[in-house]
Amino acid sequence: GAQFSAYRGGWDVTVNCLYHYFATPAVFIEQGPGGVVATPEFRRTHTAGGTLSNAFGDFTVRGEVGYSSDRFFIAGDPADADGVVEAGELSYVLGLDWMGLTDTLLSVQLFQSWASLDDGEATRDPLETDLTLLARRSFWNETLTLSVLAIQDVDRGDGLVSASISYDYLANLILRLEADVFYGSNDGRFGQFDQQDRILLGIEYGF
């Protein structure tokens, strides 16, 4: 990978390129003598893009864009030969952060992903849009942090609300409690986990 960064007219700008294995495996389907065989494989892709950000008083404007040349999506046709569809994907995010109150952050983000797919060719839509809202506040000299994150899938109407509390008990010991609530229809990325809400307890120790 390579990155070029610069500061121009108050904007922090980067241009990036990376040849890498994508974090999510492609699941290939094959009809075998004993039935259907699913084989997950990590495939490489070329990713190119950039970032920019600038602060205006209490507000910070952020943006990221990236294009991946070789992405694999689950085929929409159950009779597809290998169960996947290969396509390019363009993704970007626009963010606005506000820190007008002491120890407080409010952040809104718009995510969009476009894949070079025909309607119905894959289980995902050619264009997917998400909105997020994050509220975070620190107390007790930044040792106690409360946060709420909401993610809304604009296309399917499903989403996730996640609330967490973390406490820096010691300089090298952090205690964390988190609750995640999913909602929406069963065919949504988040709604498929409806009725499977969860509570997480975490302990982070540094040494």
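The values are calculated or read from the model by the stated rules, or taken from the named source; none is laboratory data. Since the model is a prediction, treat every value here as computed from it, not as a measurement. Backbone-built Cβ (ideal geometry, glycine too); neighbour counts: all protein chains shown. Quick note on the areas: whole protein, heavy atoms, side chains included, nothing else; ligands and nucleic acids left out. Shrake-Rupley method; radii C 1.70, N 1.55, O 1.52, S 1.80 Å.
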Item to check | Selection status of Tyr167, out of contact with any Cys (no Cβ under 8 Å at 6 or more places or on another chain), closer than 30 Å to Ala26 by Cα and modelled with pLDDT of 95 or more | outcome: no
Item to check | Boolean, Gly83 is open to solvent by less than 20 Å² (accessible area, probe 1.4 Å) and of a type outside the set (Lys, Arg) | outcome: yes
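Would you point out which residue out of Leu117, Leu110, Leu101 is under 22 Å from the mean Cα position of the chain (by Cα) and more than 27 Å from Glu41 (Cα to Cα)?
Details: Leu117 fails: more than 27 Å from Glu41 (Cα to Cα); Leu101 fails: under 22 Å from the mean Cα position of the chain (by Cα).
Unique residue meeting the criteria: Leu110.
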Item to check | Any chance Tyr19 is in contact with a His (Cβ under 8 Å, 6 or more places away or on another chain), on the phi < 0 side of the Ramachandran plot and surrounded by fewer than 14 Cβ atoms within 10 Å (Cβ to Cβ) | outcome: yes
Checklist entry - What is the one condition in (1) exposed (fewer than 15 other Cβ atoms within 10 Å of the Cβ); (2) more than 18 Å from the chain's Cα centre (by Cα); (3) at pLDDT 95 or above that Ser53 does not satisfy? => result (1)
Checklist entry - Which one of the conditions (1) in a loop (DSSP other than H, G, I, E, B); (2) of a type outside the set (A, V, I, L, M); (3) within 21 Å of Leu106 (Cβ to Cβ) does Gln196 fail to meet, given that it meets all the rest? => result (3)
Item to check | strands (runs of 3 or more DSSP E) contained entirely in the stretch 1-111, each with at least 3 residues that are among the small types (Gly, Ala, Ser) | outcome: 2-8, 44-56, 59-74, 84-98
Checklist entry - Looking only at residues in the stretch 90-118 that are surrounded by 16 or more Cβ atoms within 10 Å (Cβ to Cβ) and out of contact with any Leu (no Cβ under 9 Å at 6 or more places or on another chain), which one is modelled with the lowest pLDDT? => result Leu117
